[in-house]
Amino acid sequence: MRLKAPGKIPRLTLHGARLGLNLVAGGLFIEACHRFPSLSGIESRHLNDYATFNYWVKDLVTSMNTRLSIKGAPIMEHGLFVSNHISWLDTIILNHAKPLSFIARHDLVEWPFIGTFTQRMASVYINRSNKFHAYRSLPRIEERLNEGRSVSVFPESTTSDGRSVLPFYPMFYEAAVRCGLPVQPVAIRYFDASGKPSIDPAFIGEDSFVETLERIFLMDKVYAELTFLEPLDSRIHDRKALCRLSRERIVECVEGFMRE
């Protein structure tokens, strides 16, 4: 077992305690909503409808040792949001910027903390290794969109270290086409305190949730940036065109910065 450097232990303990308090507070609120449905109205609402929950998500970003900046603006109406994918932290900062439902990998529901978070966001869980299962999830995505909910999709279907953008897959864009709703590309980037791109928040390769969390806590501060790009009209573009155009805009934002 590798021992951590003595200087790291206080930092990990402090951030861990801060996150623990946040999770306890959020857990109590969520439990109260479901334990007393007649008072909370949770059976006809989503957690994102509650101001208290939105404040908790905002505090969760802080508890994750993260400072978020937003460029551009999310569309006011509901629609499909597509972005590059770097870390499980992506879902938290995206939901802070815009209340969303997520398309999540099927085994995420079993993860500590993140599983509960995505479950309460009315996420659609998909086995991405099974193309037929993924295709059968389209009606559930459409259902969320037709409810007036915005849905977030990671078209890369996996994570990268954030220095480049992997190929996008067009399947889930079909839900926006069928519903006639806009598609807004969102570029995600992470920086360190000096303003240099950081791969520490990335969840890639053989990383575990705990290992990624530890790297996040050991940074002086994680600087996350969301750039909301010009939305695309699904009434005039098919899913393949939406996929190509949204990726091009995200690549220009992410990789253009890397070349500077």
Report, in deg cm²/dmol and to the nearest 500, the calculated mean residue ellipticity at 222 nm for the chain, where each DSSP H run with n ≥ 4 adds -39500 (n - 2.57) and the sum is divided by the residue count. -13500 deg cm²/dmol
Counting only residues 5 or more apart in sequence or on a different chain, those whose built amide H sits under 5 Å from that of residue 71 are 226, 227, 228
Arranged by the count of other C-beta atoms within 10 angstrom, fewest first, what order do 136, 149 take? 136, 149
For the chain, size of Cβ-based charge dipole, Lys and Arg +1, Asp and Glu -1, in debye: 140
Using 0.36 nm times the number of residues separating residue 199 and residue 58, minus their current alpha carbon distance, what extension gain do you get? 48.5 nm
If amide hydrogens are placed 1.01 Å from N in the peptide plane, which non-local residues have theirs closer than 5 Å to the one on residue 125? 104
Connecting C-alpha atoms closer than 10 Å in a GNM of the chain, tell me which of 159, 52, 66 has the biggest fluctuation. 52
Give the residue from 74, 195, 234 lying farthest towards the positive end of the charge dipole for segment 65-259; charges sit on Cβ (+1 for Lys and Arg, -1 for Asp and Glu) and the dipole is referred to the Cα centre. 234
(i) 205; (ii) 134; (iii) 302, with the label sought being that of the calculated volume of the Cα convex hull per residue in Å³: (ii)
Report the convex hull volume per residue for segment 11-78, counting only C-alpha atoms, in Å³. 92
Max mean-square fluctuation residue, GNM over the chain, Cα-Cα springs under 10 Å, options 78, 15, 237: 237
Can you sort 250, 103, 236, 30 from fewest to most other Cβ atoms within 10 Å of each residue's own Cβ? 236, 30, 250, 103
Are there any helices in the chain, counted as whole DSSP H runs, that stretch 24 Å or more along their axis by Cα and score at least 0.0 on average by Kyte-Doolittle, and if so which? 8-35
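Read-outs throughout are calculated quantities, based only on the coordinates presented, and are distinct from any laboratory measurement. None of these values were measured; they are calculated from a predicted model. Cβ coordinates were reconstructed from backbone atoms using ideal geometry, including for glycine residues, and neighbour counts include every protein chain displayed.
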